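Participant: Can you read through this structure? Questions will come right after.
The values are calculated or read from the model by the stated rules, or taken from the named source; none is laboratory data. Not measured: the values here are computed from a predicted model. Backbone-built Cβ (ideal geometry, glycine too); neighbour counts: all protein chains shown.
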Amino acid sequence: MTFDEFNTAVDEAVEKIPAKFKQVLEAEGIEILPREIVPERVREIFPNSIVFGVFVGISKKQQSSWTFSTEPTRIEIYQQSFEQAFGPYITSAIKDQIRRTVIHEIAHYFGFNEEEVAERGY
């Protein structure tokens, strides 16, 4: 898949986010960014894993007037991982997993941990 095709698939997944969550993300300036490759730092944190995406930053639940982050809060979605898991072509399976990954990482922004996200099917 080309990066443009992947970017379009991510945009389509973002469009399907319920409005109340999308409004919060937009108001808070949280971007959902397609990336071509998984950064080395992410691969080190999750060795021997396919990482479809990550939430970077301080969750809404942890924010206070005393929190400080050196990086902008964001969600990154990795094309390389989808190609590794599903092959080089955009399919309905990839689109479904992109949507699930976007929702999964948004849940982390709202403060849900891995177990809580998994309990909800993402």
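Participant: State the number of residues belonging to the stretch 65-79 that are at pLDDT below 75 and under 21 Å from residue 116 (Cβ atoms).
Facilitator: Residues flagged as at pLDDT below 75 and under 21 Å from residue 116 (Cβ atoms) within the stretch 65-79 amount to 1.
Participant: Let me ask another. What is the residue count in the stretch 85-106 for residues that are under 25 Å from residue 58 (Cβ atoms) and either acidic (Asp, Glu) or out of contact with any Leu (no Cβ under 8 Å at 6 or more places or on another chain) (or both)?
Facilitator: The number of residues fulfilling the criteria is 8.
Participant: Turning to a different aspect of this structure: Hey, among 55, 82, which residue is modelled with pLDDT of 95 or more and in contact with a strand residue (DSSP E or B) (Cβ under 6 Å, 6 or more places away or on another chain)?
Facilitator: 55
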